[in-house]
Amino acid sequence: MGSRRVELGFVEEAAAAWRLRSEQFPCKVGGRPAWLGEAGLPGPAELRCGVCQQPCAFLLQLYAPVHDRPDAFHRSLFLFACRQPSCYRPAGPAPGSLRVFRNQLPRKNDTYSYEPPPEEPHLGEVPCVNLQLKCGTKLCRVCGCLAPKTCSKCHNAHYCSKDHQVRDWKAGHKQLCTQSAQTANVILDHKFLFPEYEIVIEPEELDSSDTHETEQEDLDTNEELTFADNTHEPVESLDENLLETMAKHETQDDKSFQKFKKRISLEPEQIIRYCRNGEGPIWISATNIPQETEIPNCVCGGKRIFEFQVMPQLLSHLKVDSLTESIDWGTLAVYTCAENCNLDNCYMEEFIWKQDVSSCV
């Protein structure tokens, strides 16, 4: 990944568990994060939902190196999501219910081989859940994130938070805790992680007529939205032309939705659209689109640019449907530092915008 053409991501059942490990630099959905760098992992406070204060679950990661940057020879983006459906009600900049982090490393580093990863696992290697990084850092038994807490009885189980320690205790660690260290390390089903899949990346294929039509639609949409920005004037001051524009704007959500459906119709199973510093996101609605001033600059002071979006098709793979309220979004747009700053090789938090499906669509 990394070109200015649009690349699409699709979920597939992983052919083998070893393909989703950190040393394979995977793109994947769900399970535990396959951390890239071992320094500066986001801590429990950074991974708590800003609405309910519960720990967020790992949603997906993309391996997206920047080829003209030696310090970003390896580069991955990590997206985390709250498991509480009610935390997704506000649209716009997600108040902590969705969080995204960027991490990057040069080719020569202390964690990975200088050479590409092997195409096959080591002979006799048994896939297992890795709850400790090579540097010795412990990871949470429930979510696979940084684990500063330890079970005071067995000292073998590590957790990111009290919440996950309680969850593990109820799931069965209570019975296993005082037994042998091997038994105490059994990984239980906590019903917290999202289902795990591999993400396969393919270029988007558009013929020349589709490309021309898409460019014209973008021009038309921008023109109508520019007129729509003037609708905050008092009604008495609006002339007939502007009133006509407002009437057109009432149907703009439907036009945006139809454009959205048409663009993805050739590949309806796509869950990711990636195009860093190139084509922007395709919006599912004409409302709740971020203005440039609503996308905050990076902590380094640099501007953030669009990098990828998560499509609503992913929701069908997450098994989050409920008879009451479910996790939901129209699309998620991720913006990252245009300068690819790399402060102390830590995980840099980036910006995510959630657009819902308009009620009028």
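The values are calculated or read from the model by the stated rules, or taken from the named source; none is laboratory data. Not measured: the values here are computed from a predicted model. No Cβ is skipped: glycine too gets one built from the backbone with ideal geometry, and neighbour counts run over all protein chains shown.
Worth pointing out:
- Residue match in the range 233-255 (condition: closer than 30 Å to residue 101 by Cβ, at pLDDT 85 or above and part of a helix (DSSP H, G or I)): no
- Counted residues, the range 327-347 - those being among the polar types (S, T, N, Q), modelled with pLDDT under 95 and out of contact with any helix residue (DSSP H, G or I) (no Cβ under 8 Å at 6 or more places or on another chain): 1
- Selection within the range 141-170 - assigned to a helix (DSSP H, G or I), touching a residue at least 40 places away in the same chain (Cβ under 8 Å) and closer than 26 Å to residue 21 by Cβ: 164
- Only residues that are in a loop (DSSP other than H, G, I, E, B) and β-branched (Val, Ile, Thr) were counted across the range 3-24, and they come to 1.
- Test: residue in the range 83-101 that is closer than 18 Å to residue 276 by Cβ, at pLDDT 95 or above and of a type outside the set (Asp, Glu): yes
- Number of the exception - residue 35 against (1) surrounded by 14 or more Cβ atoms within 10 Å (Cβ to Cβ); (2) out of contact with any helix residue (DSSP H, G or I) (no Cβ under 9 Å at 6 or more places or on another chain): (2)
- Of all residues in the range 25-57, those satisfying the criterion of being outside any loop (DSSP other than H, G, I, E, B) and closer than 18 Å to residue 200 by Cα are 28, 29.
- Among the candidates 108, 138, the residue that is under 28 Å from residue 350 (Cα atoms), touching a strand residue (DSSP E or B) at 6+ places or on another chain (Cβ under 7 Å) and at pLDDT 95 or above is uniquely 138.
- Residue satisfying all of: in the range 302-326; small (Gly, Ala, Ser) and out of contact with any helix residue (DSSP H, G or I) (no Cβ under 8 Å at 6 or more places or on another chain); farthest from residue 284 (Cα to Cα) among these: 302
- Within the range 182-202, restricting attention to residues that are at pLDDT below 95 and farther than 17 Å from residue 170 by Cβ, the residue that is surrounded by the fewest Cβ atoms within 10 Å (Cβ to Cβ) is 182.
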